[in-house]
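What follows is calculated from the coordinates using simple rules that are stated; it is not laboratory data. What you see is a predicted model; the values in this text were computed from it and never measured. Note that each Cβ is placed from the backbone with ideal geometry, even for glycine, and that neighbours are counted across all protein chains shown.
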Amino acid sequence: MGVARRPEDALFFVGSLFSDEMIFDVALDDLKVVFGPVLFLSSAYPWDVSDYYQKELGSPLMRRFVFFSDVVDPAGLVRAKHAVSSIEGRLSCEGKRRINLDPGYITLAKVVLASWKNYSHRICLGSGVYAELELFCENACFQSLPYTYRDYRDISCIQMFNSARSRLKKILKAREERSSPERDSSTPDHPGENPLP
C-alpha cells in the first residue's frame, strides 16, 4: 500500500516582463507582501525573444527575476498564480497590463512554472492553473527540455537557476543542522527561539 510522502522543499520565484522600471518597483513591494523576503534579484536585462507582449506592455521590454527566501510547499503554486494575477490586475491601466508576472518554484530537482493555458505537456493543478516542468537537474546542473521556453534555455538563465539551487541547498543544509539529533533540541540558540522541527 502506498503512503503519502512529504513533498520536496521549494522556493518561489517570479519572472517579470515590463517596460517601466517604476511599475516593477511597485509590483515588487506587492510581491514581498505575498511571498515574504527576497532571497535575491536578478539584474534587469533586455528581452527580445518575442514581440507578443509589446502592444500590451510597451517597449523595449525588460526581464527580471525575483527569488524569495521562505522555504515552501510547492502545492502553493496555485495560490501563487492567483496572487500574482491579482497584482497584475491592480497595476493595469485601461484594461492593459503594465507588467507580466509568471510565478514558479525551484527545488533541488526541478524548475516549475505556473500557467493559465492547457497544453499536452502541462498538468492541471486545479482552479484553472497548470504546471509546466521547465528545467530538470542532472549532475547538479539544470537542463532544458524540448518544450522549454527559449529564454529559459539561455545559458545565463540556467546559470541563474543553478545559483538559486545552490542557495536553496545551503538553506536546507542549515535547517537540517539545526534540527540534528546531535543537538539538544530543548536548548534553543537564543532565548525565546524554538528549534525548527
| query | Once the Cα atoms of helix 77-90 and of the chain are each reduced to a long axis, what angle between those two axes, in degrees from 0 to 90 to the nearest 10, is obtained? | reply | 40 degrees
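If contacts are Cα pairs under 8 angstrom and at least 6 residues apart, what is the relative contact order of the chain in percent?
Working: 308 pairs, mean separation 38.0, N = 197.
That works out to 19 percent.
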| query | Under 21 Å Cα-Cα from Lys55, which lysines qualify once same-chain neighbours fewer than 8 residues away are excluded? | reply | Lys96, Lys117
| request: Quick one: grab the alpha carbon gyration tensor of region 12-174, order the square roots of its eigenvalues as a ≥ b ≥ c, and give me rounded if a/c is under 1.5, else prolate or oblate depending on whether a/b is larger than b/c. | output: rounded
| said: Between helix 21-35 and the chain, what is the angle of the helix's C-alpha long axis to the longest principal axis, kept within 0 to 90° and rounded to the nearest 10? | reply: 30 degrees
| task | Using the charge dipole of the chain (Lys, Arg: +1 at Cβ; Asp, Glu: -1 at Cβ; taken about the Cα centre), state which of Tyr119, Ser59, Phe136 has its Cα farthest towards the positive end. | result | Tyr119
| query | Mind checking the angle between helix 155-178 and the chain's longest principal axis? C-alpha axes, 0 to 90 degrees, to the nearest 10. | reply | 20 degrees
| Do the sum for the chain: with -39,500 (n - 2.57) for every DSSP H run of n ≥ 4, divided by all residues, what is the mean residue ellipticity at 222 nm, to the nearest 500 deg cm²/dmol? | -9500 deg cm²/dmol
